[in-house]
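Let me begin by presenting the structure, written as structure tokens, before commenting on it.
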Amino acid sequence: PNLDALSNGHKHWRRKYVLCVVSDVMTDECKLVVRIHELDDYGYHMDCYRQLVGECRAIDDKRRLQVEPLGGGRIEFNPWCDGDGNDGVTRSGYGSFVVYGYSNAFPFERQPLHDLSAAIVQHAYPFLDVSWHDGGY
């Protein structure tokens, strides 16, 4: 996930996300990708999907890469805070992500895969705390 630029000066944010499988039809290689809406807190899940499809087409002019959405929800960033009240201080001291919610455009087939999405985010950002739950908005 491209979350670096989104810390927004260490401000709290909440964005919609989609979990997709990106596969190369020539090699049968595939990768799970979490994509969030980078522009604002009010983007749609379809915007996240279209953004990922556009990124894949930009690097693959022969359209060998296929993007299949598995589902979506929200990712919330809570910045670290070392103020007097210690609000938001996490185990890592740097901040945290929480993965949860649902997508009307891309509902998960059987059950939410927020645990898998959270594992992908944790792998990309091992210095942050990442948690998930299957609750709604």
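The values are calculated or read from the model by the stated rules, or taken from the named source; none is laboratory data. As the structure is a prediction and not an experimental result, all values here were calculated from the model. Cβ sites come from the backbone with ideal geometry, for glycine too, and all protein chains shown count toward neighbours.
Figures for the structure shown
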item: Filter result for V18 (modelled with pLDDT of 80 or more, buried (at least 20 other Cβ atoms within 10 Å of the Cβ) and in contact with a helix residue (DSSP H, G or I) (Cβ under 6 Å, 6 or more places away or on another chain)); result: yes
item: Selection from the range 93-135 of residues that are modelled with pLDDT under 90 and in contact with a Phe, Trp or Tyr (Cβ under 6 Å, 6 or more places away or on another chain); result: G93, Y94, G95, F127, L128, G135
